[in-house]
Amino acid sequence: MKGVALITGGPGFIGSHLAEDMAHAGWRVRALVRRPDKLRWLQGLDVEIAKGDMEEPPSLPAALRGVDLVVHCAGLTKANSRGEYMRANAEGTRAILDASVRAGVRRFVYCSSQAAAGSGTASHPRTEEDLPEPLTHYGASKLAGERIVQESTHLEWLILRPPAVFGPRDEQFLPLFQMIRKYRRYPAFGGDERLYSWVFVRDLVAALRLAAETENGLRDTYFVASEQPVTWREVSLAIASLRNSRIRPFPTVPLPLLQGIALLCEGIARVRGKAALFSRQKLAEITATGWVVSSEKISRKLGFHCQFELREALRETLDWYEGQGWV
């Protein structure tokens, strides 16, 4: 047994894959969950369930008893205000980090996001040495979480910044697969030639476990991404080709109209008391110059390289969606 690892966000997309991987690798895995009735991806795994909520710090000490490692994957990705993001992603990180220090945890691994750093292009990919320039409230809150971790002097820590993550169990990219299957069309977000970095969930999980186990490159921040950025057109055509489909882009929507739609969606969301699926924040991400990062540092310092090619990763994802009846 390598030790006891607590994973926040364990029932979620990334957290559940990580829990499964680390249990198979010889860790005693404990998942921090707010709602014990939401455990569909943890069913059947050799994983302990610890009830706790980072917005209720008194609930955390029991979950952290005997823990050697914390991998912090939990986070809020949709909200209607900067304050909501900050409470969940910054103050939530502070709560679990402070509780980890008090519990004597040895290492803390934070799964952040490229959104904390900002955009990048193929000619100037974003690196860890660049001054962070988050474009959204979500990105600002993840950066605030990073800085809370970086200020800690009481435990070992590593921060990983993935770009767009997809794979089985993911619901963020599901609409793209559904759109291609149902309408034989794809959205040309930001134009067909705008490049984006990406990472398959199983590669991200491998990087997170490496961060948990390595003795190199501690107290540092790393992007983890496939070395080859892609356009939305390339991804969409690759998905369609897996089932021998022919697709074409949706007509381009003028920016002023997109801004109006974003405002309308925000207004509806406020009335319904839910986070908007499309907003001015999301529009800022879509219209950025690109989302390209360099993975050179994690390769040089930790010897990590993503193993999955795009088509292979998309095939595994699509096969899983079809098996679940999601597409």
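The values are calculated or read from the model by the stated rules, or taken from the named source; none is laboratory data. Source: prediction; values computed, not measured. Virtual Cβ from ideal backbone geometry, glycine too; neighbours counted across all protein chains shown.
Only residues that are within 18 Å of the chain's Cα centre (by Cα) and under 23 Å from K51 (Cβ atoms): list them for the stretch 64-78, please. Of everything in the stretch 64-78, those that are within 18 Å of the chain's Cα centre (by Cα) and under 23 Å from K51 (Cβ atoms) turn out to be V70, V71, H72, C73, A74, G75, L76, T77.
Is it the case, given these coordinates, that V224 is in contact with a Lys or Arg (Cβ under 9 Å, 6 or more places away or on another chain), crowded, with 16+ Cβ neighbours inside 10 Å and either more than 24 Å from V201 (Cβ to Cβ) or among the β-branched types (V, I, T) (or both)? Yes. For L6, the conditions (1) assigned to a strand (DSSP E or B); (2) modelled with pLDDT under 95; (3) of a type in the set (A, V, I, L, M) all hold with the exception of (2). Looking at this structure, is E193 touching a strand residue (DSSP E or B) at 6+ places or on another chain (Cβ under 7 Å) and surrounded by fewer than 16 Cβ atoms within 10 Å (Cβ to Cβ)? When the stated conditions are applied, E193 passes them. What's the total number of residues in the stretch 280-319 that are more than 19 Å from the chain's Cα centre (by Cα) and over 20 Å from S226 (Cα atoms)? Number of matching residues: 3.
Screening P36, P11 for residues that are buried (at least 23 other Cβ atoms within 10 Å of the Cβ) and within 23 Å of the chain's Cα centre (by Cα) leaves exactly one candidate, P11. Taking the numbered list (1) over 21 Å from E322 (Cβ atoms); (2) without any contact (Cβ under 8 Å) to a residue 60 or more places away in the chain in turn, R248 passes all entries but (2). The set of residues from the stretch 176-219 being within 18 Å of V71 (Cβ to Cβ) and among the aliphatic types (A, V, I, L, M) comprises V199, V201, L204, V205, A206, A207, L208, L210, A211, A212, L218. Of all residues in the stretch 77-90, exactly one satisfies the criterion of being among the hydroxyl-bearing types (S, T, Y) and in a helix (DSSP H, G or I), namely Y85.
Of A117, A99, A88, all but one fail to be over 19 Å from the mean Cα position of the chain (by Cα) and among the aliphatic types (A, V, I, L, M); the exception is A99. The residues of the stretch 196-230 that are within 20 Å of F177 (Cβ to Cβ), touching a Leu at 6+ places or on another chain (Cβ under 8 Å) and assigned to a helix (DSSP H, G or I) amount to a single one, L204. Restricting to the stretch 77-86, and then to whatever is out of contact with any His (no Cβ under 6 Å at 6 or more places or on another chain) and surrounded by fewer than 17 Cβ atoms within 10 Å (Cβ to Cβ), can you tell me which residue is farthest from T8 (Cα to Cα)? Checked the stretch 77-86; the qualifying residue farthest from T8 (Cα to Cα) is S81.
Look at the stretch 28-62 and say how many of its residues are in contact with a helix residue (DSSP H, G or I) (Cβ under 8 Å, 6 or more places away or on another chain) and not basic (K, R). The number of residues fulfilling the criteria is 16.
Kindly indicate whether any position in the stretch 51-61 is under 20 Å from G3 (Cβ atoms), hydrophobic (A, V, I, L, M, F, W, C) and buried (at least 16 other Cβ atoms within 10 Å of the Cβ). Yes, because at least one residue in the stretch 51-61 is under 20 Å from G3 (Cβ atoms), hydrophobic (A, V, I, L, M, F, W, C) and buried (at least 16 other Cβ atoms within 10 Å of the Cβ).
If you go through the stretch 290-327 and keep only what is of a type in the set (S, T, Y) and more than 21 Å from W232 (Cα to Cα), you end up with just S299.
In a residue-by-residue description of the stretch 178-185, the property of being assigned to a loop (DSSP other than H, G, I, E, B), modelled with pLDDT under 95 and more than 26 Å from G92 (Cα to Cα) applies to at least one position.
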